[in-house]
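What follows draws every value from the coordinates through simple rules; no lab data is involved. Quick caveat: nothing in here was measured; it's all calculated off a predicted structure. Note that each Cβ is placed from the backbone with ideal geometry, even for glycine, and that neighbours are counted across all protein chains shown.
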Amino acid sequence: MSKPETTIKRSNIRQQIVIILIGFVLVMGIVGFSAKIGINTMQENKERLKEIVNTNNQKFNLLTIMSDAIRDRMLIVYDMTNTQDTFELDDLYLLSGKKVRDFINAREQLVAMGLTDKQLKQLDEQKDKLKQAQTILNSIIEQAINEQEISNISQITQARSANNTVLKSLLDMQNFQNIKAQEQLKLSEDLARKTGIQLFWLTLFAFISSIIVVSFIIRHMLSQGKKLDQALLELHQSNVMLERRVEERTNELMLTRSENMRMTAELDAGRKIQEIILPTGSELEQIKSLDIAAFMQPADEIGGDYYDILTYGDRAYFGIGDVTGHGLESGIVMLMVQASMRSHLQQEGDISKVLQMVNETLYNNIQRMGTDKNLSLALCSYQNSNGIGEIIYCGQHETIIIVRNDGDIEEFETDDLGFPVGLVDSISEFTNILRIELKPGDAMVLYTDGISEAANENNELFGIDSLKKIIKNNYQLSAENIKTSIVQAVTDFIGSKSLYDDISLVVIKQKSE
Amino acid sequence: MKKIEDENYCVTLDEDSAKVIMDGVLRLSGAAEFTPIVGFLNDLLALEEKDIEIDLSKLEFMNSSGIAVLSKLMISARQRKSGKITIRGSLSIPWQTKSLKNLQRLLPALELIIE
């Protein structure tokens, strides 16, 4: 597995960073736009201020015109009192009239431009003084035109004084207008500067905080990305491990399967061996004085049960044994026992000597095989004389069960009759023989522990007592039927549980003639 | 105290009290798997002039390989000049009666306590 997911996640992070940067640029754009609007407003303010200044200048000029007109008229009137030239007098008269119109014009314009209440009040107050001065000046002009002597010099002084009051008032107005304009200008400029500075700090603050936030987010995202990478890497590693484990498990399964195949082959081979060497029906029938039935059911796994029935001369021999454990090795050991028994029996009639020889053969072979197998093994010889059978029994195996022709059950221990075969190099000091007489109708039952230790689903054992009970209940039947009833009872007992060990059973019944 | 164990069995060697205790179900396959336990038993046997004991009274099952190990131990123990050997078993465990008696037949001096 490669790491495409990691790169996909990486590019996701890159996309997010780009989005954040675009957001940042947008924020900066908005801040810039606001600044532009602020600057525009300031510009407009400045224009308006300029207009105010212009208006103020115009008003100032008009006030100057008004002052000049009053002052000029005073001078004209004064000149008229000093001249005798009638033309000049006419000119001065016209001029004085013009000055009056100039004054009125300027005044009208001033009012039209808009004045404060205070200024309008001042203008009203000037009217009386002006009227007073005007009246005096008009009478002086009249006297001058009529070439009369100026009757009262104090009249001029009065007019001048009145005019001076007006002039002073106008000057006040001018000064006031000036101060007000300057104040407005200064205020406006201060405001503009303040706004500018505020705008500058605001922008700077927005910029810095945006950078901090964005860098924090980006760093956070990068670290998240790293963590994600790490997690993905770990995931990837665990995936690889998982895959490897699955592969291993698959290999194991394949091995198990091949092992199973091998075991199935072993099982088939083992069963074949057991079947091939079992005595045939015709062999059993050779012993005329005996009713014999034998049964073997191999376990699901190869067991190592052995039984054999053979005749040499006037004697019959029965062997039964159970190799420890399961599997092909047990089967092979069993095969060796069978061959060894037959070969030694051909040369030796003493069954305890046969057992000792079989033990030697088996011990050596088992050592050579490097296995720990051994077996319980019993060998009986049988001879019939006048309808009475004599059994000579040798070897350590399961107990011998004898059912008499009246249904009595006898059980014989075999522990002291032999020793496990193949366990130690010599058993000669441990073998003993047991003689059992079989009257007509008496029967001997030989079996392996597959019967006595057959287990049901609750792991309870069939047991020797159940076996004895079945035999007792069926003692009158033929060997074959006794065998069948035992097998049936064991099969019923096991139920659905699979057979763990081979079941072997030999029933020998002395015929009643 | 030395121990060999898995989920099925536990074998303890107590050299101070000259004892090997086997508990549970010993179903090891072949001599190779029994090697550590054989080591314990040989260590026990090597305690010269001491009375030694093998306690099997809680050993529910032992397969043929285990029986073979004990049988060989009995044969080696024949060479032992001093010190008693005791094997303790239980009547309630079916396989022990016959197998342990066979051990005694291999080593008549063996003290067998089955109770």
>> Looking at chain B only, what percent of DSSP beta bridges run antiparallel? Nearest 5 please.
In response: 40
> Among residues other than B:Lys3 whose Cβ falls under 12 Å from its Cβ, what is the net charge (Lys/Arg +1, Asp/Glu -1)?
Replying inline: -3
> In nm, to one decimal, how far is the A:Tyr312 label point from the A:Ser161 one, both placed 7 Å along Cα→Cβ?
Replying inline: 18.6
> Sorted by mean Cβ packing within 10 Å, highest first, what order do the peptides A:39-46, A:479-486 take?
Replying inline: A:479-486, A:39-46
>> Between A:Ser223 and A:Thr116, what is 0.36 nm times their sequence separation minus the Cα-Cα distance? Round to one decimal in nm.
In response: 31.6 nm
> With the contact rule set at Cα under 8 Å and sequence spacing of 6 or more, what percent relative contact order holds for region A:25-202?
Replying inline: 33
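Would you mind giving the mean number of other chain beta-carbons within 10 Å of the Cβ of each residue in A:324-330, as a whole number? Working shown, then result.
Values: counts 5, 6, 0, 1, 0, 1, 1.
If you average over the peptide's residues, the count of other-chain Cβ atoms is 2.
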>> Within region A:278-510, how many Lys pairs that are eight or more residues apart, or on different chains, come under 17 Å at the alpha-carbon?
In response: 10
>> Taking each residue in B:91-101, count the Cβ atoms of any other chain within 10 Å of its Cβ, then average. What number comes out?
In response: 2
> So how far apart, in nm, are the two label points at B:Ser92 and A:Lys497 if each is 7 Å from Cα heading toward Cβ?
Replying inline: 2.0
> If R0 is 41 Å, what FRET efficiency do you get for A:Ser478 and A:Val246 from their C-beta distance, rounded to 0.05?
Replying inline: 0.10
> By per-residue mean of other Cβ atoms within 10 Å, what is the highest-first order of A:399-407, A:49-57?
Replying inline: A:399-407, A:49-57
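When averaged across all projection directions, what area in nm² does the alpha-carbon convex hull of chain A cover?
Quarter of the Cα hull surface area: 50.6 nm².
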> In nm, what is the difference between 0.36 nm times the number of residues separating A:Asn386 and A:Ile30 and their Cα-Cα distance?
Replying inline: 115.0 nm
> What are the residues whose amide H is under 5 Å from the amide H of B:Ile114, where those residues sit 5 or more places off or on another chain and H is modelled from the backbone?
Replying inline: B:Gly89
>> For a Förster distance of 45 Å, can you work out the FRET efficiency between the beta-carbons of A:Arg271 and B:Glu111, rounded to the nearest 0.05?
In response: 0.50
> What's the local net charge at B:Asn63, with K and R +1, D and E -1, over the other residues with C-beta under 11 Å away?
Replying inline: 0
>> Could you work out how much longer the chain between A:Arg257 and A:Glu108 gets when fully extended? Use 0.36 nm per residue separation minus the Cα distance between them, nm to one decimal.
In response: 41.3 nm
> Is there a simple number for the mean count of other chain Cβ atoms within 10 Å of the Cβ of residues in B:61-73, and what is it?
Replying inline: 4
> Excluding same-chain residues fewer than 8 positions from A:Lys118, which aspartates and glutamates have a Cα within less than 18 Å of its Cα?
Replying inline: A:Glu108, A:Asp128, A:Asp172, A:Glu183
> What list of ³J(HN,Hα) couplings, whole Hz, do you get for region B:60-73 from phi and the Karplus terms 6.51, -1.76, 1.60, once you set θ to phi - 60° and write x for glycine and proline?
Replying inline: 5, 8, 9, 7, 4, 4, x, 4, 4, 4, 5, 4, 5, 4
> Using r as the Cβ-Cβ distance of A:Asp465 and A:His236, and R0 as 60 Å, what FRET efficiency do you calculate, to the nearest 0.05?
Replying inline: 0.35
>> With a cut-off of 8 Å between alpha carbons and a minimum separation of six or more residues, what is the relative contact order of region B:2-114 in percent?
In response: 23
> For region A:365-375, in order, what is each residue's ³J(HN,Hα) by Karplus, 6.51 cos²θ - 1.76 cosθ + 1.60 with θ = phi - 60°, in whole Hz (x at glycine and Pro)?
Replying inline: 5, 5, 4, 4, 6, x, 10, 9, 5, 8, 8
> Can you list the residues, at least 5 places off or on another chain, whose amide H is less than 5 Å from the amide H of A:Ile302, using H built in the peptide plane?
Replying inline: A:Gly327
> Relative to the first principal axis of the alpha-carbon coordinates of chain A, what is the inclination of helix A:117-145, with its axis defined by its Cα atoms, in degrees from 0 to 90 and to the nearest 10?
Replying inline: 20
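Report the net charge of residues surrounding A:Met74, where surrounding means a beta-carbon distance below 12 angstrom and charges are Lys +1, Arg +1, Asp -1, Glu -1.
Residues close to A:Met74 contribute a combined charge of +1.
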